[in-house]
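Colleague: The structure follows.
The values are calculated or read from the model by the stated rules, or taken from the named source; none is laboratory data. Predicted model, so just to flag it, every value in this text is computed and none were measured. Note that each Cβ is placed from the backbone with ideal geometry, even for glycine, and that neighbours are counted across all protein chains shown. All accessible areas refer to the heavy atoms of the entire protein, side chains included, with ligands and DNA or RNA removed. Shrake-Rupley method; radii C 1.70, N 1.55, O 1.52, S 1.80 Å.
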Amino acid sequence: MKSQTPNLTNDFDDPFITVEGDEEAHEDDLWFLPGPLEEEPDDLPPGPRAEPPDTAVVDDWARAEGVHAARLARVAGRLGALDDRLLRGPEGWRHRLALIEAADLSWFAGDRVSSDRLALWVSMRLSGAQDDTNALARVGWAARRLTGGPGPKGDLAAFLDRRDPENIEDSTERFEDRAGGWLNVIAAAADLHPITRACMGFHLWSLAGLGQHGDQMEAAVTASRIAASDGSGAIFAPLAMGGAGGLRASGSPPERLARWLDGMNSAILTAMRHLDDTQTWSARAEGAMSQLSGRTPTALRSALTEWPLVSAPMAEVLTGASRAAVQRNLAWMEERGLIQEVTQQGRFRMWRIKD
């Protein structure tokens, strides 16, 4: 029987051409397989995107500060001059400017408390039947915070006299958390000038969820304290004495900072003029009253320097003198042209220094 020799090929350079060819040939017939992923349409809704951090806004204000660097330097120089003047001047000057600023801020915030009503409320807690005691309390708070005390950086809740209630629900956002977020943004802007930080903090106030009670008043007082945080004489930077145009909230950060600087510059110049007039009057009154004896003339002159408006009951409390002595000295000063009565009425009369 003849054996058959197997027909084997020795061409190892052409491996399995037939098998691979068959796979390629039948690949189009595999209709049940999905197509390539890149060819499928993306019909799914977009997923949540990561929100930028709260501190990202600092970059916008840093660019705004660079745009107005020269203007910022001029305003900072004027604020430094006011700080030095108040540092060398009597303590009553700070109190006087704080009362004027608080009264002007009340008109910006809509409370419209006049200087005489504010003086009576702060000195003696007196209010008229037509006065809004809540508005007086808000403006009185502003006057206290502009006069002295710890600033807002350490404890903003204590600065604002606002705390979360003890029975607050767990789902409710706490005020301390909102205040902490705002303070974190201010801390992230530590490289910016205090005036720029103050402007940024004022315009971020409502966005941080802090604008519930006396929104504009609280924001302006807090910003004024931050703007003067590097000084030692001026406790606050005036914002409203020259008009409240710098506090208008509209436009981009460069536009807002430009208005802020212009408004602060006008307010500082107004404050300096107030101090000039007060210093001139104090020297004139001291010379004219040198012939009077006793401590009442000196104490009354100091009270008129410290308070924009003074009534007889106020002067009695501030000087510790009797009502008769106060009225006698007030009449003498009015006759000499040192003070003038501004109410033009028989009762509840108020006096101020006469330029």
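Colleague: Would you mind telling me which numbered condition in (1) over 16 Å from Leu338 (Cα atoms); (2) among the polar types (S, T, N, Q); (3) open to solvent by less than 10 Å² (accessible area, probe 1.4 Å) Thr278 fails?
Modeller: Failing condition for Thr278: (1).
Colleague: Continuing with the same structure: What are the pairs, 6+ residues apart or on separate chains, where a residue within the stretch 332-347 that is in a loop (DSSP other than H, G, I, E, B) has its Cβ under 9 Å from a residue that is open to solvent by less than 70 Å² (accessible area, probe 1.4 Å) and among the β-branched types (Val, Ile, Thr)?
Modeller: Leu338/Ile353
Colleague: For the stretch 199-221, which residues satisfy the criterion of being open to solvent by 20 Å² or more (accessible area, probe 1.4 Å), of a type in the set (A, V, I, L, M) and touching a residue at least 12 places away in the same chain (Cβ under 8 Å)?
Modeller: Once the filter is applied, which keeps residues that are open to solvent by 20 Å² or more (accessible area, probe 1.4 Å), of a type in the set (A, V, I, L, M) and touching a residue at least 12 places away in the same chain (Cβ under 8 Å), the stretch 199-221 yields Leu204, Ala208.
Colleague: Restricting the search to the stretch 117-137, which residues are farther than 11 Å from Met314 by Cα and either touching a residue at least 60 places away in the same chain (Cβ under 8 Å) or among the hydroxyl-bearing types (Ser, Thr, Tyr) (or both)?
Modeller: Ser127, Thr133 - these are the residues of the stretch 117-137 that are farther than 11 Å from Met314 by Cα and either touching a residue at least 60 places away in the same chain (Cβ under 8 Å) or among the hydroxyl-bearing types (Ser, Thr, Tyr) (or both).
Colleague: If a residue has to be touching a residue at least 60 places away in the same chain (Cβ under 8 Å) and open to solvent by 10 Å² or more (accessible area, probe 1.4 Å) to count, how many in the stretch 229-238 make the cut?
Modeller: Counting residues in the stretch 229-238 that are touching a residue at least 60 places away in the same chain (Cβ under 8 Å) and open to solvent by 10 Å² or more (accessible area, probe 1.4 Å) gives 5.
Colleague: Could I ask something else about it? Only residues that are open to solvent by 40 Å² or more (accessible area, probe 1.4 Å) and either part of a helix (DSSP H, G or I) or aliphatic (A, V, I, L, M) (or both): list them for the stretch 131-144, please. Can you show your working first?
Modeller: So in the stretch 131-144, the residues open to solvent by 40 Å² or more (accessible area, probe 1.4 Å) come out as 132-134, 137-138, 144.
Thr133, Asn134, Ala137, Arg138, Arg144, listed by residue number.
Colleague: While we're looking at this one, here's another question. How do the pairs read when you match residues in the stretch 181-198 that are within 15 Å of Asp230 (Cβ to Cβ) and aliphatic (A, V, I, L, M) with residues anywhere that are open to solvent by 40 Å² or more (accessible area, probe 1.4 Å) and part of a helix (DSSP H, G or I), using Cβ under 9 Å and keeping only pairs 6 or more apart or on different chains?
Modeller: Final answer for the pair search is Ala189/Thr55; Ala189/Ala62; Leu192/Ala62.
Colleague: Here is a check on your reading of the model: is Ser290 among the hydroxyl-bearing types (Ser, Thr, Tyr), free of Cβ contacts under 8 Å to residues at least 12 places away in the same chain and part of a helix (DSSP H, G or I)?
Modeller: Taking the combined requirement at face value, the residue satisfies it.
Colleague: I've got another one for you. Which of the following residues is of a type in the set (A, V, I, L, M, F, W, C), modelled with pLDDT under 95 and crowded, with 17+ Cβ neighbours inside 10 Å: Leu309, Leu338?
Modeller: Leu309
Colleague: Which residues, taken from the stretch 290-306, are closer than 14 Å to Glu334 by Cβ and open to solvent by less than 10 Å² (accessible area, probe 1.4 Å)?
Modeller: Pro297, Leu300, Leu304 - these are the residues of the stretch 290-306 that are closer than 14 Å to Glu334 by Cβ and open to solvent by less than 10 Å² (accessible area, probe 1.4 Å).
Colleague: Quick one: which residue in Leu118, Leu160, Leu79 is among the hydrophobic types (A, V, I, L, M, F, W, C), open to solvent by less than 30 Å² (accessible area, probe 1.4 Å) and modelled with pLDDT of 95 or more? Step through it out loud before you land on a result.
Modeller: Values: Leu118 fails: modelled with pLDDT of 95 or more; Leu160 fails: modelled with pLDDT of 95 or more.
On inspection, the qualifying residue turns out to be Leu79.
Colleague: A further question follows. Given (1) of a type in the set (Asp, Glu); (2) assigned to a loop (DSSP other than H, G, I, E, B); (3) at pLDDT 95 or above, where does Asp276 come up short, assuming only one miss?
Modeller: All conditions are met except number (2).
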